[in-house]
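The structure appears right after this line, and notes come after that.
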Amino acid sequence: MYGWKGKILRVDLATRKINKEDLPIEWANNYIGCRGINDIILYKEVGPEVDPFSQKNKLIFGTGPLDGTPIGMSRVSVQTKHTKKCIGEGGAGGFWGPQLKYAGYDFIVFENKSDIPVYIYINDDKVEIEDAKDLWGRNTREKNSILRRKLGTDIQIASIGSAGEKLVHDAKIEFTMDHSGGRGCGTIMGDKKLAAVAVRGTGGVKIKDPTKFMAGYRKIRKILDLKETVDAFVPSWAFLSANMMGVVFNEEGRLQAYNAQKGRIEGFLNARDYLARHVIRPDACFCCPFPACGRKFEIKGGKYSGEIGQEREGGFSGGQHWLGSNHGLWF
Amino acid sequence: MQKRIFVVAPDLCSGCKSCEVCCSIGQEEGNEFNPQKSRIRVIRDELGILNIPLVNCDGNNCPTKADSEPTCVEMCPTGTLIFTDLEDVYWKRMELNEKRRIQPLFKLIVPWKYPYPWKAYREEE
């Protein structure tokens, strides 16, 4: 089996049993990729009568056949029965998905509920369920730093914050830092009393024909290359990602400003000023061909001068749009 | 021409690990993408500001290279990895500093990777 690692990890949180199943080859052929197989596991094992907060609901972490290679990059999909009784699906980038593949698994299925807060530590073949008394009640960054101090700095962590622990209906799962899978998956993770999933892998992803694979990858890189491209979308997305939408929306007059009373703000956002004032370095997910879809920034001047942070393509919809222009705030 | 060497500009590294992963496919047998086998290791700093690539290779016997450049240099999206002779490195650094003063975009990428001003606008002028 190439691409796939061919293993499903089943963790029973109530009885603390861990099973490693083979991935059926007909699933891999018929339901391509992580979302399809996540769906078929949910369809077969979680019926319509199952209550989302019951023992029978399952939480599935899935990766695809190309995850961990430069073409597939890093997407990971979390699926479960949502609290509104539909499928809840949260996708995230970052470095967690490839690490799971390198550890040797395509899918993790969490079953039943735990009585006490626990976290899972996956180190290649070794899978452990451990007590998470010191993690519970803390936010994702604190969980990250505690686990890294305990297990080493090269692990990747999926964790929930206090929203997931308190069963807020749209809680998210945070993958390491600043990569989030939303749509209420964190609620079910909190309901199962699962604080974090820490992964370390030292294996690889096998490819049948590396020469052909790399030739295909070079073709893709040529389309996205900044020197060769004819698509205006490529350079703007490569440097500003979703923040460029603010500029475009403002010019078109459909920016949500002052609680939707206005469609435009004079002198709203200038890409050049934004780059000059705040951005200091590029930052990216696993194997991203774009140089700066995420950026590291430093606040210069004012009360919070010297604060360092990262932003990703969600910057527009979250910070800039709903907390920014909608309240009449911009930089 | 002088002997070509690897030069790393860590203030431009996005920490994407393209170099690390693309290097590993050519190493030894096994046909697999495995960062453990790679000759490059990227140290990511999630909370801080600097991602640092560590290169353990002289770049001359790259098994997967297509052109004159090694695969890692070709795949680097920002231009952090530079494979050239010492004099050229000097001039490239000069060019980068000059362009940074005019256009803040070059905090994120090197000028020889990005054609500024962009060619679609140049044609109109």
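The values are calculated or read from the model by the stated rules, or taken from the named source; none is laboratory data. Since the model is a prediction, treat every value here as computed from it, not as a measurement. As a convention, Cβ positions derive from the backbone with ideal geometry for all residues, glycine included, and neighbour counts pool all protein chains shown. Keep in mind that these areas ignore ligands, DNA and RNA; they rest on the heavy atoms of the full protein, side chains included. Shrake-Rupley method; radii C 1.70, N 1.55, O 1.52, S 1.80 Å.
Observations on the model:
- From the list A:272, A:281, the lone residue that is over 24 Å from the mean Cα position of the chain (by Cα) and at the interface with chain B (Cβ under 9 Å from one of its Cβ atoms) is A:272.
- Scan of region B:30-48 for residues that are surrounded by fewer than 20 Cβ atoms within 10 Å (Cβ to Cβ), more than 18 Å from the chain's Cα centre (by Cα) and not acidic (Asp, Glu), ordered by number: B:30, B:31, B:36, B:37, B:47, B:48
- In region A:250-272, of all residues being free of Cβ contacts under 8 Å to residues at least 12 places away in the same chain and among the charged types (D, E, K, R), the one that is surrounded by the fewest Cβ atoms within 10 Å (Cβ to Cβ) corresponds to A:266.
- Residue in region A:158-175 that is in contact (Cβ under 8 Å) with a residue 40 or more places away in the chain, open to solvent by 10 Å² or more (accessible area, probe 1.4 Å) and within 13 Å of chain B (Cβ to nearest Cβ) present: no
- Which numbered condition residue A:187 misses (of (1) within 14 Å of another protein chain (Cβ to nearest Cβ); (2) of a type in the set (S, T, N, Q); (3) touching a residue at least 40 places away in the same chain (Cβ under 8 Å)): (1)
- Residue that is within 26 Å of residue A:175 (Cβ to Cβ) and in contact with a Leu (Cβ under 9 Å, 6 or more places away or on another chain), where the choices are B:53, B:35: B:53
- Residue count for region B:85-116, restricted to those that are more than 12 Å from chain A (Cβ to nearest Cβ) and either more than 15 Å from the chain's Cα centre (by Cα) or open to solvent by 10 Å² or more (accessible area, probe 1.4 Å) (or both): 14.
- Subset of region B:49-84 that is under 15 Å from the mean Cα position of the chain (by Cα) and small (Gly, Ala, Ser) - its residue that is most open to solvent (accessible area, probe 1.4 Å): B:68
- Only a single criterion out of (1) closer than 26 Å to residue B:101 by Cβ; (2) in a helix (DSSP H, G or I) is not satisfied by residue A:281, namely (2).
- When region B:2-54 is filtered for residues that are in contact (Cβ under 8 Å) with a residue 12 or more places away in the chain, over 13 Å from residue A:287 (Cα atoms) and of a type in the set (A, V, I, L, M), the ones remaining, listed by number, are B:5, B:7, B:8, B:9, B:12, B:25, B:40, B:50, B:52, B:54.
- Residue ID - nearest to residue A:152 (Cα to Cα), chosen from residues in region B:9-29 that are open to solvent by 20 Å² or more (accessible area, probe 1.4 Å) and facing another protein chain (nearest Cβ under 7 Å): B:17
- Among the residues of region A:70-82, the ones that are touching a helix residue (DSSP H, G or I) at 6+ places or on another chain (Cβ under 7 Å) and closer than 16 Å to residue B:25 by Cβ come to 2 in all.
- Counting only residues that are farther than 30 Å from residue B:36 by Cβ and touching a strand residue (DSSP E or B) at 6+ places or on another chain (Cβ under 6 Å), region A:161-184 holds 4 of them.
- Cβ separations smaller than 7 Å between residues 6+ apart or across chains give the following pairs from region A:108-135 residues that are within 13 Å of residue A:198 (Cα to Cα) to residues that are among the basic types (Lys, Arg) and assigned to a loop (DSSP other than H, G, I, E, B): A:118/A:193; A:129/A:16.
- Residue count, region A:234-268 (criterion: in contact with a helix residue (DSSP H, G or I) (Cβ under 7 Å, 6 or more places away or on another chain), away from every other protein chain (no Cβ under 14 Å) and either under 20 Å from residue B:117 (Cα atoms) or part of a helix (DSSP H, G or I) (or both)): 3
- Search result, residues across region A:207-233 that are over 22 Å from residue B:70 (Cα atoms), crowded, with 17+ Cβ neighbours inside 10 Å and within 8 Å of chain B (Cβ to nearest Cβ): none
Results for (1) over 30 Å from residue A:264 (Cα atoms); (2) more than 11 Å from chain B (Cβ to nearest Cβ); (3) among the β-branched types (Val, Ile, Thr), shown as yes or no for each residue.
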| site | (1), (2), (3) |
| --- | --- |
| A:183 | yes, yes, no |
| A:192 | yes, yes, no |
| A:199 | yes, yes, yes |
| A:205 | yes, no, yes |
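- Residues satisfying the stated conditions in region A:234-248, i.e. among the hydrophobic types (A, V, I, L, M, F, W, C) and either open to solvent by 30 Å² or more (accessible area, probe 1.4 Å) or over 27 Å from the mean Cα position of the chain (by Cα) (or both): A:237, A:245, A:247, A:248
- Count of region B:43-70 residues, restricted to those that are more than 8 Å from chain A (Cβ to nearest Cβ) and closer than 29 Å to residue A:156 by Cβ, is 11.
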